[in-house]
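Single-structure report; data block below.
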Amino acid sequence: MQDIYLRLAKHLEDLIMGYPFNEALTDLLKEMYSPLEAQVALAIPNDLQPLEVVDQQRIVERCDLPESAVLEALQSLADRNMVYTRPLGTGAMGYALLQVGYGVPQTFFWSGRKDERARRMAKLVLNYFSVPTTQKVYGPVPTKTYKYAPAGMSLDIAMQGVMPNEQMGPIVKAAAKIAVAHCPCRMSASLLGRTDCRHSLEVCLKYDELADFVISKGLAREISQDEAHQILADSEKEGLVHMVDNARGQIKHTCNCCGHYCWNVGILRRRKIPRDMLMAVYFIRETELAECIGCGACADICPVDAVKMVADKPEVDQNWCIGCGVCAVACPAEVISIKRRLANQAPESFADLHRQIKQERGL
C-alpha cells in the first residue's frame, strides 16, 4: 500500500512543475488518490507541459489494469478535480496530472467552499508546502515560473520601459475566456482559522484553457473583460499584487496576492526566500523625493514591507522591492514611478516558458 504512494511521489516529482518529496507528501497523496487511482495516475505521462493532455487510450496502454478499471478511475479523479481535463480536437476528453501551481493545491480551494474536506486539505497542504519545499519548486532553475505585473493599468501612473505584454490591460484583452476563482492561499488560511487578513477572496483570474477547466468543474465563474478589469483595479487599491505566468504571451492566470498568506508575496515579506530566487522581478520603484510629502502611504501599503519612513521620507530596500506598483496607486502626490530593472524579457509564450524550465531541470 505504502509503496504505490512512494512510486507516485517519484512520478510527480519529475513533472516540469513537480512535487519535491518530503514526509508529508505521501499523506497528501493518500487523501487525493485511492490505491487504484494512484496506480492509474502512475500511467499518466509526467513529461507533459502544464495544461497539456493525453487521450485515455494512451493511459490505458500504460497501465496494468483492465481498461474498465482505468476508465472508471479516470472518471472518479475527474469528478473530484484530481486530474486536469480538457477536450481534445477529436471531442474526446484528455487527461493530465495536476502540476504544482496549475491545480495543486489550488483545486482544493478555488471554489471557496469551507466544508470539512477543504479544512482537511488545508492542513495537509500546510504540512507539505513548507518554505523549503516551496524553495525546491521555484528556486533551483534560472527561469522563474511567475513574474509580477505592475499595477496601475486603470490609473495614470508613469511606468518606464514597461512593454504592452507586461501590462494587465493587454493580458485581459488577449483572453478569449476569463474566470474568477477564490484565492487558494487566503482560503486555506481562513479554513485554518487565521483571520488577520481582510483582503478580498474572489480575485483569482484564469484565462482560456484554464478558465474552461475551472468553469466546467464548478471551481470558478465566467466573467467579462470589464469585470476582470474592475477586479484588478479593486485589487490594486487593496494593495494586492498581480502575479502572472512568466511569459510574454498565452498567459493562463493572474493571482492577486497579499503579504499575509500568499505563498509568494507572504514568503518575501517574511524574508524566507531571496526575492530573485523565488520570482522574476523585472521592475523596481523610483521616487521623486524632492516632491514627496512624507505621508507614509507607500510604506503602509507595501506588500513586502520594503519601504521604511526615515525623517519623513521613504527609503526603499532595493533587494526586496518587487516593482508591483501598488505604492504608486496609493501615493497622493503621484511621485512614484515604476522603471525597468532587468533588460531581458520573459520567454515568448507559455509553452516556451515551460520548455525552458524543463531543459534547465534536466528532464
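Computed values, structure above
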read-out	value
For the chain, built as a Gaussian network whose Cα springs stay under 10 Å, the top-fluctuating residue of L77, L36, L12	L36
Of A290, A176, A189, the one that fluctuates the most in a GNM where the chain has Cα springs shorter than 10 Å	A290
Stokes-Einstein translational diffusion, the stretch 153-292 - Kirkwood Rh over all Cα pairs, 1.306 mPa s, 10 °C, in µm²/s	98 µm²/s
Rounded to 10°, Cα long-axis angle of helix 67-79 versus longest principal axis of the chain	30 degrees
Within the stretch 214-241: backbone nitrogen closer than 18 Å to the D55 label point (7 Å, Cα to C-beta)	none
Across the chain: Cys residues that no other cysteine approaches within a C-beta distance under 4.7 Å	C63, C183, C197, C204, C255, C258, C292, C295, C302, C321, C324, C331
GNM result for the chain, Cα springs below 10 Å: residue of G101, G89, G139 fluctuating most strongly	G89
Candidate lysines for bridging to K173, where Cα separation is under 28 Å - those fewer than 8 sequence places away on the same chain excluded	K144, K147, K206, K217, K237, K252, K339
Between helix 2-13 and the chain: long-axis angle, C-alpha atoms, 0 to 90°, nearest 10	50 degrees
In degrees, nearest ten, helix 116-128 long axis to first principal axis of the chain (Cα)	70 degrees
Computed [θ] at 222 nm, helices only, for the chain once each DSSP H run of length n ≥ 4 contributes -39500 (n - 2.57)	-10500 deg cm²/dmol
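Each reported figure results from applying straightforward, stated rules to the coordinates on display, with no laboratory input. All figures in this text were calculated on a predicted structure; none of them were measured in a lab. With ideal geometry, Cβ positions are generated from the backbone for all residues, glycine too; neighbour counts draw on all protein chains shown.
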